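Enquirer: Take this structure first; my questions come after.
The values are calculated or read from the model by the stated rules, or taken from the named source; none is laboratory data. What you see is a predicted model; the values in this text were computed from it and never measured. Reconstructed Cβ throughout: ideal geometry from the backbone, glycine too, with neighbour counts over all protein chains shown.
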């Protein structure tokens, strides 16, 4: 084995070890994140301690914040999400999907994942903004990927974020499955 092969093997072992260590330490757990205010720019997002992206939970929490920003200002939301997606920015199809989800005043969907947000209060979260993100024994079935779960005040079952670990140990948003239908807020429900 040549020197290049030895170095390559050592690097691969280190990355694999870091991934396995991160995955094995997760298991079933819940992490809580609290934000005094939600970031309104990519600079504010990057200034948060969670922006180290050294845990999939941190990346998921910031991804929720970015989706809230998207509803208020598409350009800011795209910039934040692209930061969180790392080397794989939003595709035109993902942008189109998000545009469709925010159409018709459905800005409230990402807010529904914060504590206190329910259809009865038109998905107005309690402040400070608090979200719980959970893993389960199946969250890390694919090496280098993590699936995490969030509960919405407008849905019966939790929704998920999928994240991917880069070789440097940072976690990036891979896919989101939280921008899906939830119960209509009371103010928009003709049957309420």
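Enquirer: Is at least one residue of region 175-188 closer than 14 Å to residue 61 by Cα, under 11 Å from the mean Cα position of the chain (by Cα) and in a loop (DSSP other than H, G, I, E, B)?
Expert: yes
Enquirer: Name the residues in region 117-145 that are assigned to a strand (DSSP E or B) and surrounded by fewer than 19 Cβ atoms within 10 Å (Cβ to Cβ), would you?
Expert: Across region 117-145, the qualifying residues are 130, 132, 134, 145.
Enquirer: Do we find that residue 155 is more than 18 Å from residue 31 (Cα to Cα), touching a helix residue (DSSP H, G or I) at 6+ places or on another chain (Cβ under 6 Å), part of a loop (DSSP other than H, G, I, E, B) and at pLDDT 95 or above in this structure?
Expert: no
Enquirer: Still on this structure, please answer the following. Only one residue in 98, 62, 90, 148 is more than 16 Å from residue 38 (Cβ to Cβ), surrounded by 14 or more Cβ atoms within 10 Å (Cβ to Cβ) and without any contact (Cβ under 8 Å) to a residue 24 or more places away in the chain, so which one is that?
Expert: Among 98, 62, 90, 148, only 90 is more than 16 Å from residue 38 (Cβ to Cβ), surrounded by 14 or more Cβ atoms within 10 Å (Cβ to Cβ) and without any contact (Cβ under 8 Å) to a residue 24 or more places away in the chain.
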